[in-house]
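Here is the structure we will look at, set down as structure tokens.
The values are calculated or read from the model by the stated rules, or taken from the named source; none is laboratory data. Computed from a prediction, not measured in an experiment: that's the story for all the values here. Ideal geometry is used to build each Cβ from the backbone, glycine not excepted, and the neighbour counts take in all protein chains shown. Heads up: the accessible areas ignore ligands, DNA and RNA and are worked out on the full protein's heavy atoms, side chains in. Shrake-Rupley method; radii C 1.70, N 1.55, O 1.52, S 1.80 Å.
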Amino acid sequence: MFFLLLSSFVLAVAAVNYPAIPNDETTPVQQHIAIKGPDSMSIGWNTYEKLTKPCVHYGFSSDNLTQQACSTTSITYASSRTYSNAVTLTELTPATTYYYKIVSGNSTVDHFFSPRAAGDTTPFNMDIVIDLGVYGADGFTTTKRDTIPNIQPALEHTTIGSLAQNINDYELVVHPGDFAYADDWYLRLGNLLDGKDAYEAILENFYEQLAPIAGRKAYMVSPGNHEADCTELDYTSGLCPQGQSNFTDFMNRFGHAMPSAFPSSSKNSAAQSRAAKAAGLANPPFWYSFEYGMVHVTMFDTETDFPNAPDAPGGSAGLNGGPFGFTNQQLEFLTADLASVDRTVTPWLIVAGHRPWYSTGGSTNICAPCQTAFESLFNKYGVDLVIAGHVHNSQRFLPMGNGVPDPAGMNNPTAPMYIIAGGAGNIEGVSKVGANATGNAFAYADEFSYAQVQVLDKQHLGVEFLKSSSGVVLDSSVLYKEHGVAFVVQS
Ligand SMILES: *[C@@H]1O[C@H](CO)[C@@H](O)[C@H](O)[C@H]1NC(C)=O
Ligand SMILES: *[C@@H]1O[C@H](CO)[C@@H](O)[C@H](O)[C@H]1NC(C)=O
Ligand SMILES: *[C@@H]1O[C@H](CO)[C@@H](O)[C@H](O)[C@H]1NC(C)=O
Ligand SMILES: *[C@@H]1O[C@H](CO)[C@@H](O)[C@H](O)[C@H]1NC(C)=O
């Protein structure tokens, strides 16, 4: 009796939920695409075997894929079952629908929209999801997955479903950190005996669930604390199996897919040399920038690579990651990059990183070293909007400078406006709104939600928060900025 009980316990506990490996191991899985340059896109995908020459066919119609791009990038790490492949498609006509097919014995045609040229004044929307984890009834299954437009909302876990249903409402997705939550594998009893495989299984499931979205819309990423290590438990990194520490999966998956910084879109020669300097200092997928229509977007790393970074060796999170650049490389990048932005071409300057420094819920929710490292740069160069997550809810702050709401409010402030869009949904659930904070204008934590940034025109930027289960607009605001100065430098 005891042995029967014991063996059924072990069977129940040992079931790691890995997806089935396709018979044709060149089958593309976990697809994601990104803006790689002013006229280029990267196509990234994983396979269960190493590819000697990953290739993509593409063209203007699904039955005429006349062009081909290839690479030799097919990389893996110690505990992974898959290889990350990446190919860049160059010399694309801007703002045009392309069809593409990853070369494999078993692949299908999908399509994407090539990047809008810097200075294109067509309005567009950019969806923001942060802290997004695996879907499904138990948080780890893939049975509810389908392709666009019919992804079934899995119980109350609905953000990917909403992104699928509203696929024509946005042109790109920005996701600064916390993907999958593989390092939370120990929160499911069934994973306890098999942490190494449970971690990998969660990653495979998550990126496969995300593929219908990330394989069609430019999916721009930067790191969060859940990419750092094999568990979120402080100071356990010494116990991590090889390959599951130091942002390894994140680097393998996205390192060849994200851009560095674009050549300047300005006629000003100082701006051109600053942009060239920024390109040399960029370190994708950790910190980098891109331009799209009326916007310059800078992605930054709140985890490592600045003084007292929380995930750095000896840092407050105990996650022992990085550094990924030389001392102050990220800050030098940000200085050159932000200073290069010519507002007569890209009036809007938006930055996105994982951890916030303005949040409700008290001081445990904020990253003080991040504020010390980054806020003065964002004030100086007139950043319009700062996007963060990490706190699992939706929040909007008035434009804020050094803890004080800008007296101009939403009417041509000099300080950046701040949002938190960390309510997209993961195994940890939502975080209570908690105590109010100076400058807070909206906070919501009843259900999963996400944000949409609406680039309306050169002077108006909309932000809406949407309830994932219904698409209902929870909060709506419009920031007005005059943008009368080409190169903003403020004290
Ligand atoms: C082909 O790909 C589909 C999913 O994209 C998969 O279900 C199927 O098993 C694959 N077939 C082979 C022969 O690998
Ligand atoms: C296929 O595309 C190429 C350019 O990519 C074009 O020159 C050619 O005319 C197209 N063929 C058809 C049948 O549309
Ligand atoms: C993490 O990886 C980077 C880049 O490979 C390396 O320079 C750094 O030393 C690593 N950090 C740790 C704690 O192993
Ligand atoms: C904080 O106070 C402001 C001003 O009264 C209000 O608009 C906002 O909704 C409050 N936020 C929370 C989280 O209570």
Length-normalised contact order for the chain - Cα pairs under 8 Å, 6+ apart - percent = 15 percent
Could you give log10 I(q)/I(0) at q = 0.13, 0.23, 0.27, 0.29 Å⁻¹ for region 413-470, computed by the Debye formula over C-alpha point scatterers of equal weight, without solvent?
-> -0.42, -1.05, -1.23, -1.31
Amide H to amide H under 5 Å from Arg116: which residues, 5+ apart in sequence or cross-chain, H placed 1.01 Å off N in plane?
-> Ala95, Gly293
Grab the beta carbon distance between Asp63 and Asp169, set R0 = 35 Å, and tell me the FRET efficiency rounded to 0.05.
-> 0.80
Which is farthest toward the positive dipole end of the chain among Asn106, Ala279, Val221, measuring Cα position about the Cα centre, with Cβ charges +1 (Lys, Arg) and -1 (Asp, Glu)?
-> Ala279
Note to self: with every protein chain in place and a 1.4 Å probe, region 330-421 gives an accessible area per residue in Å² of 25 Å²
Radius 14 Å from Cβ of Gln452, net charge of other residues (Lys, Arg +1; Asp, Glu -1) = -2
Can you list the aspartates and glutamates whose alpha carbon is less than 12 Å from that of Lys267, not counting same-chain residues fewer than 8 positions off?
-> Asp342
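Which of the pairs Lys380/Lys467; Lys36/Lys277; Lys53/Lys101; Lys196/Lys467 have their Cα atoms more than 23 Å apart in this structure?
With Cα atoms farther than 23 Å apart: Lys380/Lys467; Lys196/Lys467.
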What ³J(HN,Hα) values, in whole Hz, does the Karplus curve 6.51 cos²θ - 1.76 cosθ + 1.60 give for region 240-250 when θ = phi - 60°, with x put for Gly and Pro?
-> 5, x, 4, x, 10, 10, 6, 6, 5, 4, 4
Measure off, as a whole percent, the carbon and sulfur share of the 1.4 Å-probe accessible area of the chain, all protein chains present.
-> 53 percent
How many nm separate the modelled label positions at Thr52 and Val485, each set 7 Å beyond the Cα in the direction of the Cβ?
-> 5.8 nm
Sequence-distant residues sharing a close amide H with Ala180 (under 5 Å, placed H) | Leu132, Gly133, Val134
Taking a cut-off of 16 Å between Cα atoms, list the aspartates and glutamates near Lys217, but don't count ones fewer than 8 places away on the same chain.
-> Asp39, Asp110, Asp127, Asp169, Glu171, Glu208, Glu291
Whole number please: convex hull volume per residue, Cα atoms of the chain, in Å³.
-> 142 Å³
Which ³J(HN,Hα) values, rounded to whole Hz and listed in residue order, are derived for region 38-51 from phi using the Karplus coefficients 6.51, -1.76 and 1.60 in 6.51 cos²θ - 1.76 cosθ + 1.60 with θ = phi - 60°, glycine and proline given as x?
-> x, 10, 9, 10, 9, 10, x, 7, 10, 9, 8, 9, 6, 9
About its Cα centre, how strong a charge dipole does region 194-327 have in debye, to the nearest 20, once Lys and Arg get +1 and Asp and Glu get -1 at the Cβ?
-> 920 debye
Can you give the convex hull volume of the alpha carbon atoms of region 207-331 per residue, in Å³?
-> 119 Å³
Table column - 3J(HN,Hα) (Hz), region 434-445, Karplus curve with 6.51, -1.76, 1.60, x for Gly and Pro | x, 5, 5, 9, 3, x, 5, 10, 6, 8, 8, 9
Once the whole set of protein chains is in place, how much accessible area is left on Ser104, using a 1.4 Å probe, in Å² to the nearest 10?
-> 20 Å²
Spin-label point model (7 Å from Cα, Cβ direction): what's the Asp457 to Ala408 distance in nm?
-> 1.8 nm
Under 5 Å between amide H atoms, partner at least 5 residues away or on a different chain: which partners does Thr302 have, H built in plane at 1.01 Å?
-> His354, Arg355
Would you compute, from DSSP H runs of 4+ residues alone, the mean residue ellipticity of the chain at 222 nm, taking -39500 (n - 2.57) per run and dividing by the full residue count, rounded to the nearest 500?
-> -5000 deg cm²/dmol
Scattering profile of region 387-491 at q = 0.21, 0.22 Å⁻¹ [log10 I(q)/I(0), Debye over alpha-carbon scatterers] = -1.11, -1.17
Label-point gap, in nm, between Gln242 and Ala270 - each point 7 angstrom along Cα→Cβ | 5.2 nm
All aspartates and glutamates inside 16 Å of Lys432 as judged from Cα atoms, apart from same-chain residues fewer than 8 positions distant = Asp131, Asp446, Glu447
